[in-house]
Amino acid sequence: MHAEPYNESVRDLLADNLKAARARRGVSLSEVARLSGISKATLSQLESGTGNPTIETVFSLSRALEEPVSGLLEPPAHRGMTVIRAADVTPLAGEGVDLRPYGRVEGAGLICELYDQQVRAGARQESLGHVGTEHTVVQSGCLRVDVDGTRVELGVGDYLSFDASLPHAYSAPSGPVRSVLLINYRAAGRTPGDAPH
């Protein structure tokens with residue numbers, strides 16, 4: 001079986017997918033700017049592939065265009081095996097987290113988005129909440145997660161899931177953390193809200 005390499009940058013994928021999503025909805029750049037709170041100039045740069053997308057930007061676009069985040073970041077579907085090399089995936093940077101989007105699985109009315117999540121040492125990434133359920137498995141470090149006023153600390157191999165519509169935050173108080181993040185939601189609810197991280 002031949003493995004097809006993944007070699008498009010997040011910037012290029014977002015540019016292509018943003019144009020396609022906007023065309024499907026029949027909305028102008030000005031309307032997307034109004035809905036997302038992102039300036040028209042920034043949107044123009046993103047569509048031309050010259051912008052520098054952040055986690056917050058991508059999730060705002062997801063909400064405004066009613067598209068899953070993975071729909072904005074994923075390459076067209078390939079048949080056979082898909083291999084994604086970490087070095088080939090440009091991370092989306094947030095205030096405290098770098099997310100590498102790896103793919104989306106859709107079936108039985110659910111969408112599941114898979115990310116490599118790296119929380120920078122001493123950093124904190126907050127979210128007001130968004131559609132879906134978040135699942136996190138810690139691979140290295142000690143991850144602190146606050147969900148709607150409740151705090152938990154996770155070590156290597158620990159797992160946590162929670163209703164992502166609740167306000168939440170990830171932080172790494174004692175050193176960098178690497179984890180696998182999965183976000184799942186109903187296919188009919190294609191409107192993730194504010195950036196999860």
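Among the residues of segment 39-71, count how many are under 19 Å from G129 (Cα atoms) and in contact with a helix residue (DSSP H, G or I) (Cβ under 8 Å, 6 or more places away or on another chain).
Residues that pass the stated criteria total 13.
With the structure loaded, tell me whether V156 is assigned by TED's automatic domain parsing to the domain that holds P91 and in a strand (DSSP E or B) or whether it fails that test.
It is false that V156 is assigned by TED's automatic domain parsing to the domain that holds P91 and in a strand (DSSP E or B).
Tell me which strands (runs of 3 or more DSSP E) are completely within segment 5-123 and hold 1 or more residues being without any contact (Cβ under 8 Å) to a residue 24 or more places away in the chain, or say none if there are none.
By residue number, 97-107.
Consider segment 47-87. How many of its residues are closer than 11 Å to V10 by Cβ and loosely packed, with under 14 Cβ neighbours inside 10 Å?
1
Restricting to segment 159-182, name every residue that is farther than 16 Å from D116 by Cα, touching a His at 6+ places or on another chain (Cβ under 8 Å) and either at pLDDT below 95 or crowded, with 18+ Cβ neighbours inside 10 Å (or both).
Selection gives A164, S165.
For every residue, the table says whether it meets (1) closer than 25 Å to N52 by Cα; (2) touching a helix residue (DSSP H, G or I) at 6+ places or on another chain (Cβ under 7 Å); (3) charged (D, E, K, R).
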position: G107; (1), (2), (3): no, no, no
position: Q125; (1), (2), (3): yes, no, no
position: G132; (1), (2), (3): no, no, no
position: H135; (1), (2), (3): no, no, no
position: D146; (1), (2), (3): no, no, yes
position: V156; (1), (2), (3): no, no, no
position: S171; (1), (2), (3): yes, no, no
position: G175; (1), (2), (3): no, no, no
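Check L128, L99 and return the single one that is surrounded by fewer than 18 Cβ atoms within 10 Å (Cβ to Cβ), of a type outside the set (S, T, N, Q) and closer than 20 Å to L72 by Cβ.
When all the criteria are applied, what remains is L128.
The values are calculated or read from the model by the stated rules, or taken from the named source; none is laboratory data. Since the structure is predicted, the reported quantities are computational estimates derived from the model, not experimental observations. A quick note on method: Cβ atoms are made from the backbone with ideal geometry, for glycine too, and the neighbour counts reach across all protein chains shown.
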